[in-house]
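Just below is one structure, and these are the notes that go with it.
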Amino acid sequence: MTSRPDLIGDTAIALLAERGLRGLTHRAVDEAAGLPPGSTSNHARTRSALLETTFARLCRLEAEVFEDAANPGGVLALANPTPEIAADLVATQLHDTLTLRRAPSLARFELALEATRRPELRAIYDEAGVAFREPARGLMAALGSTDPDRDGRTFIAFSEGILFDSVAGAGNRAAPTREEIRTGLLQLFRGMLKDTAQ
């Protein structure tokens, strides 16, 4: 059974994706979640607290995806991955995000823009980002990168670019197939690892 804080967070994410920041209010969350009036205000009293609650829930949901990647058979658990295997597993993860977790991605982009205007949200956003950058660095190191920090950032930029273009950008009407994502990732990995292979 979903706890009330998680229900509030999940509902806020859905509202943020559907209506944008202006549509995310305490009253709207209560109504959409079927909660008694004032329930969301009791949990998150201010607008900033509501945004922070929403983002915290987003982070937990995304962390679960990374936990799956770190489980046996996941890309982050591979001891000696090849570019082909890594591209295959990451492409599946990105495609699942585009097709099964589109609303949370859109909500995250909304919050990223809001974070540029709210220092308190920026701090939370940036801190959460570190948790996702380290696994990317680890993957690139496992692939044999000579500069895993740089290549990890490039890998994240590629992945975020695919997500943004497909969810909120000009490519939102025709998301790439899993195979198209895999091909792009494989080209990226091989290009970054070219110096290592020489």
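Some values worked out for this structure:
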{"item": "Whether region 1-62 is rounded, prolate or oblate, judged on the alpha carbon gyration tensor where a/c under 1.5 counts as rounded", "result": "rounded"}
{"item": "Rough spin-label spacing in nm, given labels placed 7 Å along Cα→Cβ, for Ala56 and Ala112", "result": "2.3"}
{"item": "Mean Cα-pair separation over length for the chain, i.e. relative contact order, pairs under 8 Å, 6 or more apart, %", "result": "22"}
{"item": "Normalised contact order of region 112-170, rounded percent, pairs of Cα under 8 Å and 6 or more residues apart", "result": "21"}
{"item": "Estimated inter-spin distance, Ala63 and Arg4, nm [label 7 Å along Cα→Cβ]", "result": "2.2"}
{"item": "Against the rule of thumb 2.2 N^0.38 Å, how large the Cα Rg of region 103-198 comes out", "result": "1.22"}
{"item": "Under the span-like rule (Cα at least 18 Å along the axis, Kyte-Doolittle mean at least -1.0), DSSP H helices of the chain", "result": "4-19, 47-70, 83-100, 102-115, 119-142, 148-167, 178-192"}
{"item": "Accessible surface of Glu18 - all protein chains present, 1.4 Å probe, nearest 10 Å²", "result": "140"}
{"item": "Rounded to the nearest 10 Å², the accessible area of Asp126 at probe 1.4 Å", "result": "80"}
{"item": "Debye log10 I(q)/I(0) for region 1-140, one point scatterer per Cα, at q = 0.13, 0.16, 0.21 Å⁻¹", "result": "-0.62, -0.86, -1.24"}
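The values are calculated or read from the model by the stated rules, or taken from the named source; none is laboratory data. Because the structure is predicted, anything quoted here is derived from the model rather than measured. For neighbour counting, all protein chains shown are included, and Cβ atoms are generated from backbone atoms with ideal geometry for every residue, glycine included. With ligands, DNA and RNA removed, areas are computed over all heavy atoms of the protein, side chains included. Shrake-Rupley method; radii C 1.70, N 1.55, O 1.52, S 1.80 Å.
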